[in-house]
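Below is one structure, written out as structure tokens; the observations come after it.
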Amino acid sequence: RSPNPTKKSLTTYFQNTLNKKTIQSKITGHASSRIGWAFVKNADMAARLSGYVGASGGLVRESQLRATTILASERRRGYPVLTFASERMASRWSALESVLGSSACYSLQPRGGRATDMWSGKTYAPSPAYAWIRCVSGNDCYQTMLSAGVRGRAGPKFGANKDHVRLELLMGEPDFQSMLDLLRKLQSKC
């Protein structure tokens, strides 16, 4: 089996009054504004989750106000934090595609169709936080990458075959560039 997270359609977004604000705590580092959110396929399940949040005491008013203030500030500034993050991930995917895109030994998961950014309304190619790589030879891809110094997670841990490895792309720029250099060296031996 080959993992392809882009095939899973998320049809119902679990709505609460802060669904667009919750991402701010992780992006801007405002820890006191953390408010949970979830993506749910089933409308009935979304309604049940919403009821659970209410029955569990709801959301703390101070956190709601703090999240609203943070979001309003980002909105006035044109969402620079979100633009930075999406541009950084897009550039990382482009770099990965340039290294492994035409490889005879390794295949990089396709990014799938186009998506629309809920903040800016712009259409873009998805840039997931993780990249799936398949070793075309069928060898244990995790071990192949590990022996080259590239740290990933073995495919079987996520329900894929051993010829797959999952690489995390959420890291500092020096670490990402180091990983790219290691992938280039690995690719050159192909």
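The values are calculated or read from the model by the stated rules, or taken from the named source; none is laboratory data. In this text the structure is predicted, and so the values were computed from the model without any measurement. We place every Cβ from the backbone using ideal geometry, glycine too, and count neighbours over all the protein chains shown. Keep in mind that these areas ignore ligands, DNA and RNA; they rest on the heavy atoms of the full protein, side chains included. Shrake-Rupley method; radii C 1.70, N 1.55, O 1.52, S 1.80 Å.
Points worth noting:
- Each residue in the stretch 154-179 was checked for being outside any loop (DSSP other than H, G, I, E, B) and small (Gly, Ala, Ser), and 3 pass.
- Long-range neighbours under 6 Å by Cβ, at least six apart or interchain, first residue closer than 15 Å to Val165 by Cβ within the stretch 90-107, second open to solvent by 60 Å² or more (accessible area, probe 1.4 Å) and assigned to a helix (DSSP H, G or I): Val99/Arg184
- Per the listing Ala148, Ala125, Ala115, the residue uniquely small (Gly, Ala, Ser) and over 20 Å from the mean Cα position of the chain (by Cα) is Ala148.
- Condition check for Gln143: in a helix (DSSP H, G or I) and either within 19 Å of the chain's Cα centre (by Cα) or at pLDDT below 95 (or both): no
- When Arg111, Arg134, Arg151, Arg75 are checked against the criterion of being part of a loop (DSSP other than H, G, I, E, B), open to solvent by 60 Å² or more (accessible area, probe 1.4 Å) and not hydrophobic (A, V, I, L, M, F, W, C), a single residue qualifies: Arg151.
- Condition check for Leu96: open to solvent by less than 80 Å² (accessible area, probe 1.4 Å), part of a helix (DSSP H, G or I) and in contact with a helix residue (DSSP H, G or I) (Cβ under 6 Å, 6 or more places away or on another chain): no
- Taken over the stretch 154-179, residues that are closer than 30 Å to Glu87 by Cβ and surrounded by 16 or more Cβ atoms within 10 Å (Cβ to Cβ) amount to 9.
- When the stretch 43-67 is limited to residues that are modelled with pLDDT of 75 or more and within 24 Å of the chain's Cα centre (by Cα), the one that is surrounded by the fewest Cβ atoms within 10 Å (Cβ to Cβ) turns out to be Ala43.
- Any chance Arg184 is charged (D, E, K, R) and free of Cβ contacts under 8 Å to residues at least 40 places away in the same chain: no
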